[in-house]
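First up is the structure itself, then whatever we jot down about it.
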Amino acid sequence: MIVVNIEMVPGYTILEVKGLVQGNTIRTKHLGRDIAAGFKNLVGGELKGYTELLTESRRQAIERMMSQAQQLNANAIVNVRFTTSAVTQGAAELYAYGTAVVVEKEGE
Amino acid sequence: MWDFWIQVGGVLFLLLLGYSAGTWRERSHFSSLRRREAGHEGMKVTNLKAVTNPDSVRQATLVMGDAVIATDYFKSFLARLRNIVGGEVRSFKTLMDRARREAKLRMLDQARELGAGEVWNVRFETSNIRSSTNKKNPAVSVEIFAFGTAVIRK
């Protein structure tokens, strides 16, 4: 499955536009990481625990988007965008969406 | 009477700790950023959408990088002082700069791993990570997410 954030896949032609597909996850913070983060706020620096958490959540959201595209028999997702929203204190929703299309490699 | 001085002492200690540790970490992070950015010289990074010469493209994939950076006690204190008169909060500017550069570097690292020499349509998303340990010092942490399309030429 080809996934890009531009409007078309270079070198490929879009045969059919299947429609909007999406994937999201809602993640709450981990108490242990939160305490570590509180400590980090004294000295500053990167919160690696949170970085990993968010990277993993985003990956999961993308996977859900890809499986939705697969169900539509698409072979590519274009114009992918992401949003993050705070749902409640301590929880964030990561949302990925794009357009599922059927592409074909341009004649070589 | 003692209580008051102990509290003042406590705040000063935290400020000093935050300032020294924070400054040291910041400096080492900046030098690490400079070093790694030098390693990515020659990489074409753009926020344009239309890929030039699309016929010469072998493969295009989404690449991403993100970083969550927290500020230190000293900076938060400075920001609250700044709140009195308004204006640019310089102490936070370095925080955002670091997070953004780190996220962009991670995205470029992923692109390089795939063997790409170009990243197109780079976008940045920013979100606030609020810690539930509020007290009187609200934790300022920012997540910066950079993503784009890595292009590998034939």
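The values are calculated or read from the model by the stated rules, or taken from the named source; none is laboratory data. This is a predicted model, so every value here is computed, not measured. When we count neighbours, we look across all protein chains shown, and the Cβ atoms used for this are built from the backbone with ideal geometry, even at glycine. Surface accessibility is based on the protein's heavy atoms, side chains included, excluding ligands, DNA and RNA. Shrake-Rupley method; radii C 1.70, N 1.55, O 1.52, S 1.80 Å.
Give the interface area between chains A and B as buried accessible surface, both sides summed, probe 1.4 Å, in Å² to the nearest 100.
Numbers: alone 7100 and 10300 Å², together 14110 Å².
Roughly 3300 Å² of accessible surface disappears when A and B pair.
FRET efficiency for the B:LEU12 to B:PHE124 pair, using the beta carbon distance and R₀ = 35 Å, is estimated at 0.40.
Membrane-span-like helices in chain B, defined here as complete DSSP H runs extending at least 30 Å along the helix axis by their C-alpha atoms with mean Kyte-Doolittle hydropathy no lower than -0.5, are B:2-39; this is a sequence and geometry rule, not a statement about a membrane. Note on segment B:1-141: lysine pairs with Cα distance below 24 Å, sequence gap of 8 or more or different chains, count 9. In this label model, A:THR13 and A:GLU93 are separated by 4.0 nm, measuring between points 7 Å along each Cα→Cβ vector.
For the pair B:HIS40 and A:MET1, a Förster radius of 30 Å applied to the C-beta separation gives a FRET efficiency near 0.65, rounded to the nearest 0.05. Residues in segment B:1-68 average 68 Å² of solvent-accessible surface per residue, probe 1.4 Å, ligands and nucleic acids excluded. Translational diffusion coefficient of the protein assembly as shown at 4 °C, 1.567 mPa s, Stokes-Einstein with Kirkwood Rh over Cα pairs, in µm²/s as a whole number. This corresponds to a translational diffusion coefficient of 64 µm²/s.
Taking N as the number of residues in segment B:9-112, what is its Cα Rg relative to 2.2 N^0.38 Å?
Details: Rg = 18.8 Å, N = 104, 2.2 N^0.38 = 12.8 Å.
So the Cα radius of gyration is 1.46 times the expected 2.2 N^0.38 Å.
Heavy-atom accessible area, probed at 1.4 angstrom with all protein chains present, ranks B:ASP66, B:ASP3 as B:ASP3, B:ASP66, highest first. Note on B:SER28 and B:ARG82: the model spin-label points, each 7 Å out from Cα along the C-beta direction, lie 2.5 nm apart.
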